[in-house]
Amino acid sequence: MTSLSSQYDIIVIGSGLAGMTAANVLARSKHRVLLLEKHYKLGGLATWFHRTAGRNAHSVAGSNASSKGGHVFDISLHGFPVGMIKSCRRYWNAKIADRIVVLQRIKFDNPQFSITTTFNRDDFTHLLVTRFQISEDRVKEFFDTARNMSHLDNATMTAKELFERFFPGREDVVRLLMEPITYANGSTLEDPALTYGIVFSNFMSKGVYTFQGGTDLLVRLMREELTANGVDIAVSSDVQKINVAGGCVQSVTVNGQTIQTKAVLSNANLKGTIFSLVGREQFSNDFIEEAESVRLNNSSTQVYIAIKPGETLDEEACGDLLFSSTAPAFRTDMLLSRNITSRTYSFYYPRTRPGTDRYYVVASTNANYDDWNGLSKTEYEQSKRDLIDDTLTALQKYVPNIRDIAEYTEAATPTTFERFTGHWGGSSFGTKFEGLAVSRKLPQQIAGLYHAGSVGIIMSGWLGAVNYGVIVANDVDAWMLDS
Ligand SMILES: Cc1cc2nc3c(=O)[nH]c(=O)nc-3n(C[C@H](O)[C@H](O)[C@H](O)COP(=O)(O)OP(=O)(O)OC[C@H]3O[C@@H](n4cnc5c(N)ncnc54)[C@H](O)[C@@H]3O)c2cc1C
């Protein structure tokens with residue numbers, strides 16, 4: 001464990017991708033940076049966990065078993081846009097950027113259509129024209145409209161209205177275009193069209209990418225880079241308070257110690273930063289009103305399935321990412337319902353982690369926090385078992401012998417995500433789009449106070465988090481030079 005100084009130029013609270021990237025950029029600019037993380041490992045939602053092979057979920061849940069010969073599950077390594085290569089090369093290093101590879105097979109299977117695609121503009125144009133019988137001009141106009149959207153645009157048109165304008169009455173087309181983006185950033189048909197359009201266009205430019213080697217390797221390489229650039233890192237360091245006096249940041253309190261600093265960049269949940277870490281009394285009434293009206297994004301459930309050593313998964317049948325649904329049409333309430341109809345499966349093959357011979361499946365759903373919070377311990381455990389069982393049943397459609405070849409299963413719920421990251425409501429993507437304006441206004445309220453982390457639009461997901469970390473680090477750097 002690093003021995004901490006009593007004073008830093010900048011303290012970054014939280015080591016999600018935004019927090020780590022901001023810390024790296026600021027350290028490269030020769031600031032003295034301290035990175036504090038409440039969990040015992042870095043990464044935030046970009047994380048993984050190990051389990052011992054050959055044992056059932058309940059005997060090892062919660063343990064920190066060694067990975068030797070065991071299983072490794074990735075939580076949020078399912079897919080991100082190509083822009084991640086450029087961002088990692090520029091703000092991290094070539095070792096990280098060179099491991100980012102494209103996923104070949106993205107599948108959809110629902111009552112309206114079953115297709116396999118490379119998930120880029122050429123293939124989607126081809127599909128929309130040949131399979132969905134949309135004119136080429138219309139498709140081109142839609143793609144160009146989505147690509148020209150900017151987070152500076154006015155946000156009055158909803159995604160639903162955008163689709164109605166281009167593809168009236170075509171629920172199948174809406175599903176093809178929207179369902180993956182709902183999984184990628186939590187945006188829904190009712191959200192502003194630009195929260196959809198920007199992310200959709202980012203993916204469409206070249207398809208869906210992943211990090212070869214797994215999240216554990218990514219975070220190890222990031223940690224090495226942070227250390228090489230002189231960032232002091234302290235894990236198991238849950239910040240209790242950001243101390244403010246005279247409208248300026250003074251220090252943070254962590255594990256009972258007070259550390260002086262000129263600036264704080266919080267990567268913790270936006271609402272948690274304002275209302276818990278700083279305290280409402282430090283802000284103007286108007287700002288507090290605006291911050292209170294910021295909505296949290298939805299949460300998730302996940303089921304992790306390890307395949308027995310020696311058994312395999314059929315890549316042709318499963319693909320890399322499979323958006324499956326039994327719902328007759330795409331609806332936000334059905335996506336979030338406890339009565340699950342839609343699941344996204346990530347299939348991990350040995351090539352995901354070269355050098356291993358293991359296969360894994362992670363099944364994710366969007367979920368409402370309130371459906372899981374407040375259950376009794378017995379109800380909660382039973383609900384988790386039901387979730388695992390229902391998932392195995394649903395997966396039999398694509399992997400008929402899954403119950404025979406699954407060696408280990410475990411589930412995570414909205415309360416799991418809340419516990420590990422401190423995100424209010426176990427939010428998977430921070431806040432809805434209105435969080436961005438509040439996040440950007442923090443330094444006008446309190447000198448030296450900044451936030452970078454998931455706030456909807458493009459500032460969420462792996463690429464959004466990295467890029468927002470860079471934007472805010474540059475703001476902090478400019479302010480430090482001026483003050
Ligand atoms: C199930 C799931 C699947 C996902 N799949 C994808 C995907 O396929 N592609 C994609 O691009 N994105 C995906 N995401 C989203 C993506 O993982 C996140 O948007 C991104 O990792 C968030 O990064 P962040 O920097 O905002 O911070 P977070 O990852 O939210 O990290 C915040 C950090 O702050 C720490 N912290 C909070 N409070 C304190 C405190 N008081 N003191 C110290 N530390 C504190 C937390 O412990 C945490 O480490 C997924 C998310 C989930 C939940």
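What follows is calculated from the coordinates using simple rules that are stated; it is not laboratory data. Computed from a predicted model, the values in this text were never measured in an experiment. A quick note on method: Cβ atoms are made from the backbone with ideal geometry, for glycine too, and the neighbour counts reach across all protein chains shown.
The table below gives the values:
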{"item": "Beta bridges per DSSP with both ends in the chain, % antiparallel, nearest 5", "result": "70"}
{"item": "Kyte-Doolittle mean at least 0.0, axial Cα span of 30 Å or more - DSSP H helices of the chain", "result": "461-482"}
{"item": "Cα-Cα over 19 Å, subset of 140/206; 262/432; 107/140", "result": "262/432; 107/140"}
{"item": "Length gained when the stretch residue 379-residue 286 is fully extended (0.36 nm per residue, less Cα-Cα span)", "result": "29.3 nm"}
{"item": "Gained length - residue 3 relative to residue 147, 0.36 nm times residue gap less alpha-carbon distance", "result": "47.1 nm"}
{"item": "Cα-derived Rg over Rh, computed across segment 180-255 with Rh taken as Kirkwood radius", "result": "1.15"}
{"item": "Shape metrics for segment 106-206, restricted to C-alpha atoms - Rg then Dmax, Å", "result": "12.6, 37"}
{"item": "Estimated vicinal HN-Hα couplings, Hz - segment 107-112 in sequence order (Karplus 6.51, -1.76, 1.60; Gly, Pro = x)", "result": "10, 10, 9, 8, x, 8"}
{"item": "Cβ-based net charge around residue 347, under 14 Å, with every Lys or Arg adding one and every Asp or Glu removing one", "result": "0"}
{"item": "When segment 301-427 is reduced to its Cα atoms, the Kirkwood hydrodynamic radius in Å", "result": "15.5"}
{"item": "Segment 432-483 and segment 307-322: distance between their alpha carbon centers, rounded to Å", "result": "40"}
{"item": "Stretch gain in nm, segment residue 308-residue 329, where the contour uses 0.36 nm per residue and the Cα spacing is subtracted", "result": "4.0 nm"}
{"item": "For the chain, Kirkwood radius (reciprocal of mean inverse C-alpha pair distance, Å)", "result": "23.0"}
